[in-house]
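Worksheet for the structure shown next.
What follows draws every value from the coordinates through simple rules; no lab data is involved. What you see is a predicted model; the values in this text were computed from it and never measured. Don't worry about glycine lacking a Cβ; one is built from the backbone with ideal geometry, like all the others, and counts go over all protein chains shown.
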Amino acid sequence: MASQTLVPDLSTTIAGVRFPLCFMNASGARCVTRAELEALGRSTSGAIVTKSMTREPRVGNPEPRYFAFADGSINSMGLPNLGYHAYAELIPSLKAFGKPVIASIAGLCEDDFPDIAGTISKAAPDLIEVNLSCPNIPGKPQIGYDFDASERVIRKVRAVVDRPFGVKLPPYFDPAHHAAMAGVLQRAPVDFLSLINSVGNALVIDPERESVVIKPKGGFGGLGGAMIKPVALANIRAFWNAFQGRIPIIGVGGIGSGTDVFEHLLAGASAVQIGTALMEEGLPVFDRLGQELATVFAKKGYHGVESAVGRLKEL
Ligand code: DHB
């Protein structure tokens with residue numbers, strides 16, 4: 001009998017939507033223009049996630065507005081995007097790539113969310129990711145840190161969409177805040193969680209130039225990359241524990257290797273998104289992560305994504 005080689009299954013399912021591979025771009029990373037979105041379609045990304053779309057097209061904040069360093073990145077892009085009407089028109093052709101399309105939506109005020117969600121839902125993306133955590137618009141606090149506002153937005157979106165939707169949350173740093181948001185999600189359910197957005201309003205300094213490294217907001221911006229992985233893992237685990245796995249989680253934050261993907265799965269993520277590593281390495285990052293995750297699975301005897309989700313051991 002020929003010996004069988006075990007090929008690990010890297011596919012996953014979120015809210016009833018099947019992903020051929022469990023990793024994809026994080027919203028914001030190489031996903032603003034039609035060309036970028038089509039390139040994601042041709043790549044081995046497991047999905048196409050759009051840049052967070054606003055009501056009107058936006059050019060975003062002045063440059064430099066993204067800076068990468070050894071252990072991470074900082075950005076204050078200011079939501080540059082084509083506006084939701086343009087993405088609504090693009091979605092049908094993006095779906096032809098044969099992988100899920102996730103529309104990320106962002107409002108500058110609470111009522112923007114249902115307006116954008118209602119229209120984008122008709123364009124039939126596979127999932128809608130409601131971004132409650134953009135840290136970079138001067139004068140606009142992150143909605144995810146206001147629990148009452150978050151609940152209102154979720155209810156308003158639920159009333160107008162007929163697609164599964166989830167929320168992208170900011171990192172929380174205290175169990176009381178995880179409990180407060182879990183209470184919101186108990187009362188106003190969503191179909192998935194994307195955890196986490198960047199660690200907002202960090203400051204990176206170049207000591208040589210004695211200067212900030214990005215121009216907007218006096219140098220303050222959202223932190224991403226390797227240095228935020230433990231914060232991401234903690235938030236994934238906290239919400240996995242709160243719902244015992246009943247709300248699927250997309251892990252985001254600090255993934256640069258197959259082992260990092262594996263850690264996100266153990267904490268409770270069913271899929272992952274790649275931000276800084278995609279910005280720095282480009283689309284080939286997906287091939288590398290796929291190979292590395294398959295190697296980790298094979299070495300550890302896991303047959304696929306589902307068998308690893310939430311399996312973190314406590315001491
Ligand atoms: C931007 C940054 C974010 O972290 C986000 O969630 C949405 C938008 C930005 O600055 O464009």
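Observations, loosely collected:
- Each helix, a run of at least 4 DSSP H residues, gives -39500 (n - 2.57); summed and divided by the residues of the chain, these come to -10500 deg cm²/dmol at 222 nm.
- Among the GluC sites (Glu not before Pro) within the range 27-125, those in coil by DSSP and having at most 14 neighbouring Cβ atoms inside 10 Å are Glu110.
- GNM top mover of Gly268, Gly245, Gly290 - the chain, alpha-carbon springs below 10 Å: Gly245
- Per the Debye formula on identical point scatterers at the alpha carbon atoms of the range 270-315, with no solvent, log10 I(q)/I(0) at q = 0.14, 0.21, 0.29 Å⁻¹ is -0.44, -0.83, -1.06.
- Taking Thr119, Thr295 and counting other C-beta atoms within 10 Å, the order from fewest to most: Thr295, Thr119
- Per DSSP, loop trypsin sites (Lys or Arg not before Pro) in the range 171-249 with at most 15 further Cβ within 10 Å: Arg209, Arg246
- Neighbour-count ranking [beta-carbon atoms within 10 angstrom, fewest first] of Lys313, Lys215: Lys313, Lys215
- Alpha-carbon gyration tensor eigenvalues x 5, square-rooted, for the range 1-81, Å: 34, 17, 11
- Centre-to-centre, using Cα atoms only, the range 275-315 and the range 99-155 are separated by 28 Å.
- Exposure proxy ranking for Thr44, Thr13, based on other Cβ atoms within 10 angstrom of each Cβ and starting from the fewest, stands as Thr13, Thr44.
- Rounded if a/c under 1.5, otherwise prolate or oblate - the range 36-75, Cα gyration tensor axes: oblate
- Separation of the Glu151 and Glu56 label points, Cα + 7 Å toward Cβ, nm: 3.3
- Along principal axes, Cα extents of the range 50-129, largest first, whole Å: 40, 31, 17
- Shape category assigned to the chain from the gyration tensor of Cα positions, a/c cut at 1.5: rounded
- 3J(HN,Hα) along the range 25-35: 5, 7, 4, x, 8, 6, 8, 8, 8, 4, 4 Hz, from the Karplus curve 6.51 cos²θ - 1.76 cosθ + 1.60 with θ = phi - 60°, whole Hz, x for Gly and Pro.
- For the range 224-315, the normalised intensity computed at q = 0.22 Å⁻¹ comes to -1.08 (log10 of I(q)/I(0), Debye sum over alpha carbons, equal scatterers, no solvent).
- P(r) tail for the range 153-211: Cα pairs beyond 18 Å make up 50% of the total.
- Cα shape, the range 42-194, gyration tensor, a/c 1.5 rule: rounded
- Relative to the globular-protein estimate of 2.2 N^0.38 Å, the Cα radius of gyration of the range 147-268 stands at 1.20.
- Alpha-carbon centroids, the range 184-234 and the range 68-82: separation in whole Å: 9
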